[in-house]
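Some notes on the structure that comes next.
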Amino acid sequence: MKKVFKRPLILKDVPFHYCPGCTHGVAHRLVAEVIEELGIQDTAIGVAPVGCSVFAMDYFEIDMFQGSHGRAPAVATGIKRVLPDRVVFTYQGDGDLAAIGTGEFVHAATRGEKITAVFINNAIYGMTGGQMAPTTIMGQVTKTTPFGRDRDTSGYPIRVCEMLAPLEGTAYLARVAVHTPKAIIQAKRFIKRAFEVQLKGLGFSLVEVLSTCPTNWGLSPLEAVKWLEEKMVPYYPLGEYKLPPGVF
Amino acid sequence: MSRVLMKGNEAIGEGAVRAGCRYFFGYPITPQSELTHYLAKRLPEVGGLYLQAESEVASINMVYGASGAGARVMTSSSGPGISLMQEGLSFLAGAQLPCVVVNMMRGGPGLGNIAPSQADYFQATKGGGHGDYRLIVLAPNSVQEILDLTEKAFELADYYRNPVMVMADGIMAQMMEPVELKDEVQRKFPPKPWAASGLIDHPDSKKVINSCFVIPEEMEDLNLRLRDKYTQIINKEQDCEGYLLEDAEIVLVAFGTVSRICRAVVEKARQMGIPAGLVRPVTLWPFPAKLLAAGAGKAKCFLTVEMNMGQMVEDVQLAVRGRVPVYHYGRMGGMVPVAREILQEVQKLYSGGEVK
């Protein structure tokens with residue numbers, strides 16, 4: 001019998017530590033599939049962040065760096081400048097990239113570093129127990145916004161793709177979600193494009209992945225999927241925000 | 001061999017290039033700017049890269065990435081910028097990555113000023129960042145030595161897989177002196193089988209650059225391995241220079257710029273009949289305790305002279321183990337002690353009965 005579906009070889013065959021219903025696993029799998037489909041597993045080097053996905057360094061069976069909180073784009077810059085023929089990507093959460101690492105990702109983007117950022121936006125800090133993230137939406141209840149995020153205390157959530165789009169160094173920007181089969185198919189297509197942009201040496205590429213965190217949202221996995229669709233997608237519209245002209 | 005006039009900052013740059021360093025990531029700050037100017041021109045000449053980062057935080061993390069990918073790499077800064085790098089230095093030490101970091105110390109605390117200082121001694125030699133770790137810290141006292149020790153710093157960093165700091169001050173950075181540039185030799189770099197440069201380089205074993213061990217037993221195991229390494233460094237790498245120590249009863253201890261002033265003080269004191277001598281630590285960590293204790297056997301007291309409140313005093317006290325008193329004379333905030341002031345301190349100690 002022909003095998004038509006299997007686990008990507010570069011994704012370690014172990015139970016992930018992620019909570020039930022968390023979509024980090026789906027995002028990991030998409031990145032792994034893209035790397036295998038592009039045949040770049042020998043030259044791909046990943047940088048894991050601080051946060052829930054710190055153990056990405058264990059799950060991806062390729063060379064990996066564990067960087068300090070928020071600095072993955074700087075670490076990736078160092079790697080890529082030394083080894084320009086390698087495919088270097090960061091995998092970062094919203095606290096890592098859009099709060100503490102704001103300086104690093106913006107400047108890696110504006111330098112046009114030929115790296116790819118996979119940015120997991122689940123609107124909350126997962127690893128530390130459910131505090132407000134820079135992407136927590138207005139009114140969202142977290143451990144540190146117990147009455148809901150309000151503008152006078154905490155300001156507004158950051159839209160990363162929209163913020164990066166005007167920078168000349170960015171070559172590809174897209175926002176996807178991984179809460180439905182249809183969304184997942186599109187997510188994979190766009191993640192693949194982000195890596196292809198790097199392979200063509202066109203500049204900085206980033207894919208923002210709207211992701212669920214049932215544990216810290218206080219919802220069941222199914223409710224979380226619904227919450228993402230109803231609450232996150234309207235504030236964070238899906239789609240491609242920047243494309244290199246004439247490539248796709 | 002050629003003899004040229006160079007600034008301290010430029011000598012660091014040239015020393016780095018000669019050591020095979022091809023990558024520099026940094027952020028502007030006075031008084032180390034000439035180093036970045038020099039490397040911005042010099043590195044492209046040898047196929048290297050100078051990259052100006054958005055901050056010192058980014059610089060040290062770029063160093064982390066470049067070093068983990070297998071390159072000889074450096075960054076440099078001064079006071080406030082070095083403070084920003086402390087987290088990164090802890091990560092580099094934890095992941096056992098080699099690199100060279102230059103600190104051209106300036107007056108502090110806070111924003112301080114851009115005048116020379118030695119007030120980052122504690123930060124460099126006692127930790128600075130979080131966790132149990134050590135930097136190897138080298139303290140040159142001439143432009144020639146800046147050049148030589150910078151080259152040595154890269155060798156030590158690679159050999160021990162540890163960050164090495166070359167630490168001087170605004171005077172050393174800015175002053176010009178003639179240096180001998182030796183004919184360049186073809187260098188052999190040590191292999192770096194641990195580098196995470198992609199599976200293409202090591203298909204059978206994935207490499208991970210990491211300092212995160214969630215299981216305490218594994219984290220302690222890393223600490224034990226680090227401790228073994230640091231013990232080896234303490235035993236092998238202590239370095240200092242002694243001057244007129246054989247019969248010295250008052251022994252001055254000073255490093256960097258201040259050691260040059262103290263040498264003149266010792267000569268002056270000798271002319272006045274005071275048996276003074278000088279110990280100049282070249283390695284600040286490991287502190288040259290063995291050599292200090294052995295070389296100054298006749299000392300009846302020590303006087304550390306520093307451009308700080310006395311940060312080296314306790315290292316000297318530990319080295320002499322309470323056998324004789326240790327005094328301190330220091331200027332702070334960018335002030336440089338002059339020979340006359342130090343000589344007065346020496347005379348006070350001599351006439352005050354410390355050497356009877």
Sort out for me the helices (runs of 4 or more DSSP H) sitting completely within segment A:1-84 that have 3 or more residues that are crowded, with 24+ Cβ neighbours inside 10 Å, on the phi < 0 side of the Ramachandran plot and aliphatic (A, V, I, L, M). A:24-37, A:72-82
Quick check on segment A:73-87: of everything there that is facing chain B (nearest Cβ under 7 Å) and touching a residue at least 24 places away in the same chain (Cβ under 8 Å), which residue is farthest from residue B:202 (Cα to Cα)? A:74
Residues located in segment A:87-139, provided they are farther than 23 Å from residue A:17 by Cβ and among the charged types (D, E, K, R): A:104, A:111, A:113, A:114
Exception for residue B:199 within (1) surrounded by 19 or more Cβ atoms within 10 Å (Cβ to Cβ); (2) under 26 Å from the mean Cα position of the chain (by Cα); (3) within 14 Å of chain A (Cβ to nearest Cβ) falls at (2)
Which residue, of B:242, B:295, B:310, is modelled with pLDDT under 95 and either farther than 30 Å from residue A:88 by Cβ or of a type outside the set (S, T, N, Q) (or both)? B:295
Can you tell me which residue is farthest from residue A:71 (Cα to Cα) among those in segment A:99-123 that are aliphatic (A, V, I, L, M) and surrounded by 24 or more Cβ atoms within 10 Å (Cβ to Cβ)? A:123
What are the residues in segment B:270-282 that are under 23 Å from residue B:317 (Cα atoms) and either among the charged types (D, E, K, R) or crowded, with 23+ Cβ neighbours inside 10 Å (or both), if any? B:276, B:277, B:278, B:279, B:280, B:281
Regarding residue A:70, is this residue within 11 Å of chain B (Cβ to nearest Cβ) and at pLDDT 95 or above? yes
Within segment B:247-258, is there a residue that is over 25 Å from residue B:164 (Cβ atoms), small (Gly, Ala, Ser) and touching a strand residue (DSSP E or B) at 6+ places or on another chain (Cβ under 9 Å)? yes
So, of the residues in segment B:92-116 that are away from chain A (no Cβ under 14 Å), in a loop (DSSP other than H, G, I, E, B) and not polar (S, T, N, Q), which turns out to be farthest from residue B:60 (Cα to Cα)? B:115
Which of the residues spanning segment B:8-33 are surrounded by fewer than 20 Cβ atoms within 10 Å (Cβ to Cβ) and touching a residue at least 60 places away in the same chain (Cβ under 8 Å)? B:18, B:20, B:30
Can you tell me how many residues within segment B:48-91 are assigned to a helix (DSSP H, G or I), among the hydrophobic types (A, V, I, L, M, F, W, C) and within 10 Å of chain A (Cβ to nearest Cβ)? 7
Considering only segment B:253-269, I want to know if a residue exists there that is among the acidic types (Asp, Glu), part of a helix (DSSP H, G or I), surrounded by 13 or more Cβ atoms within 10 Å (Cβ to Cβ) and within 27 Å of the chain's Cα centre (by Cα). yes
Being buried (at least 21 other Cβ atoms within 10 Å of the Cβ) and away from every other protein chain (no Cβ under 14 Å) is the filter; apply it to segment B:172-196 and report the residue that is nearest to residue B:69 (Cα to Cα). B:173
The condition of being more than 14 Å from chain B (Cβ to nearest Cβ), closer than 18 Å to residue A:50 by Cβ, surrounded by 24 or more Cβ atoms within 10 Å (Cβ to Cβ) and modelled with pLDDT of 95 or more holds, among A:90, A:135, only for A:135
How many residues are over 21 Å from residue B:181 (Cα atoms) and small (Gly, Ala, Ser) if we restrict to segment B:11-43? 2
Select from segment B:202-239 the residues that are within 11 Å of chain A (Cβ to nearest Cβ) and in a loop (DSSP other than H, G, I, E, B) and list them in ascending order. B:202, B:203, B:205, B:206, B:207, B:210, B:211, B:212, B:213, B:214
Counting only residues that are in contact with a His (Cβ under 8 Å, 6 or more places away or on another chain) and modelled with pLDDT of 95 or more, how many does segment A:44-62 have? 2
If you go through segment B:141-156 one residue at a time, do you hit one that is assigned by TED's automatic domain parsing to the domain that holds residue B:225, in a loop (DSSP other than H, G, I, E, B) and over 16 Å from the mean Cα position of the chain (by Cα)? no
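The values are calculated or read from the model by the stated rules, or taken from the named source; none is laboratory data. Because the structure is a prediction, the values reported are computed rather than measured. Positions of Cβ are generated from backbone atoms using ideal geometry, with glycine treated the same way; all protein chains shown enter the neighbour counts.
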